[in-house]
Each structure stands twice: as structure tokens, then as C-alpha cells.
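K.L.:
The structure that follows is given in the form of C-alpha cells.
The values are calculated or read from the model by the stated rules, or taken from the named source; none is laboratory data. Everything quoted here is computed from the prediction, not taken from an experiment. All Cβ positions, even for glycine, are placed from backbone atoms using ideal geometry, and neighbour counts span all protein chains on display.
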């Protein structure tokens, strides 16, 4: 299973769940709720109506009410099971990738380790580092407002990190930074990324 397939399952499950919980909801509100483009929401609704998972009912003000059919409830149950299965598969894959990175770090005896980006993938990285007794010095995230993430200091200024000797980064969120920006292309530090992200970036050391 690939990441795109897993993401599609998550989006479809969120859409059906959102409609089940709130029948009087517009497609625009659905797209905001599940965090996808309005065009994709419209496409999925049409697909589910065609497959018999959803029914539409005309409402005032040129709106529609959405209902899950019995077939739709069965599909939601199937997607839930599939989502759990793919999530466990993803966790195992991410855990293995981070284990490889941290074991390489331990061999190189680097002094400063910084994760890039906060989120669920970062949580997995922290979990693996704790298991292997690897110390994470900080997390770089320009947009994160809090001072700590799972007890690890948040740094919003890249210069405060790169001023340290023997430091390098581990990418946890692809949308956290632009790896092609001058800010990062000028770094001497190594930026690692787990294999499941499928990012091919030349190491600078």
C-alpha cells in the first residue's frame, strides 16, 4: 500500500463521517472540515451518490441535504477497518525508518539533533528516539506557537540551531519547510528524511 492510497482512505472516511454527523452541511463546509479542495469534495460526493452510498434531498435556498444509505454505512465501516489496518502498517514503516536514522546518528556521534516539523510523524520519531535512548535537542517549526512539543523545545529561528557544532536535522513534516530554499540549501548540516517520504536530497556532508 502506498501513501496516496492511505490518504484517499482517510479522506473518504472523514467525508462519510462528517455527513453522518451533520446532514445539514454544505459541500464548502465539508471541504473545510476534512481539509481538502472544494472540487475534490464535489467529486467524492458525486461518486458516492452514484455508488449508492449517499442520497441527496433538495432543501430551501438551493441547498441539498446529504444522507448515508445502508450501503453507505457498510462502506464507512469497511473504510474504518481499512484505515486502522493502513495506519498500523504506516506506523511500523515509519518506526523502522526512524530506527535506521537514529542508529546511524549513534554511530556518527552527532551532538545536536533537531527534528523539522511538528505533527503525528514527529510524535513517532520522538517515540523511537526515547526507545533507543537518543536525545532530541529541539524541533524546528516556524509556525508552531507553543514553546514545547512533548517536552522538547521548539525553535523558530534556524540560526540558533545552526550556530551549534555537529548538528543536523531529521525531516518529519514535508510542508514544514522548503528544502530548496536558500535558507536550507546553504546549510552544512545533514538533513535526513525517512524513506517513506520518498525525498531524494543530496546530503551536504
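K.L.:
Determine which single condition residue 33 fails, assuming it passes every other condition in (1) farther than 28 Å from residue 131 by Cα; (2) over 17 Å from the mean Cα position of the chain (by Cα); (3) surrounded by 13 or more Cβ atoms within 10 Å (Cβ to Cβ).
P.N.:
(2)
K.L.:
In addition: Return the residues of region 94-122 that are surrounded by 15 or more Cβ atoms within 10 Å (Cβ to Cβ) and part of a helix (DSSP H, G or I); say none if nothing qualifies.
P.N.:
Result: 94, 95, 97, 98, 99, 101, 102, 105, 121, 122.
K.L.:
Being touching a residue at least 12 places away in the same chain (Cβ under 8 Å), in a strand (DSSP E or B) and within 30 Å of residue 21 (Cα to Cα), is that true of even one residue in region 67-83?
P.N.:
Yes - at least one qualifying residue is present in region 67-83.
K.L.:
Just to verify a result, which residue in region 36-63, among those that are exposed (fewer than 12 other Cβ atoms within 10 Å of the Cβ) and closer than 17 Å to residue 14 by Cβ, is nearest to the chain's Cα centre (by Cα)?
P.N.:
Looking at residues that are exposed (fewer than 12 other Cβ atoms within 10 Å of the Cβ) and closer than 17 Å to residue 14 by Cβ, I get 37.
K.L.:
What's the number of the only condition in (1) surrounded by 12 or more Cβ atoms within 10 Å (Cβ to Cβ); (2) closer than 30 Å to residue 171 by Cα that residue 17 fails to meet?
P.N.:
Against the list (1) surrounded by 12 or more Cβ atoms within 10 Å (Cβ to Cβ); (2) closer than 30 Å to residue 171 by Cα, residue 17 comes up short only on (2).
K.L.:
Right, next: For residues that are touching a helix residue (DSSP H, G or I) at 6+ places or on another chain (Cβ under 7 Å) and at pLDDT 90 or above, scanning just region 56-74, find the one that is nearest to residue 7 (Cα to Cα). So that I can check it myself, show each step before the final result.
P.N.:
Within region 56-74, the first condition is being touching a helix residue (DSSP H, G or I) at 6+ places or on another chain (Cβ under 7 Å), and the residues that meet it are 56, 66, 68, 72.
Add one more test, that the residue is at pLDDT 90 or above, and what stays is 68, 72.
Values: 68: 21, 72: 19 Å.
Looking at residues that are touching a helix residue (DSSP H, G or I) at 6+ places or on another chain (Cβ under 7 Å) and at pLDDT 90 or above, I get 72.
K.L.:
When you go through (1) touching a helix residue (DSSP H, G or I) at 6+ places or on another chain (Cβ under 6 Å); (2) in contact (Cβ under 8 Å) with a residue 12 or more places away in the chain one by one for residue 38, which number turns out not to apply?
P.N.:
(2)
K.L.:
Assigned to a strand (DSSP E or B) and more than 30 Å from residue 198 (Cα to Cα): which single residue out of 64, 48 fits that description? Can you show your working first?
P.N.:
Details: 48 fails: assigned to a strand (DSSP E or B).
Answer to the selection: 64.
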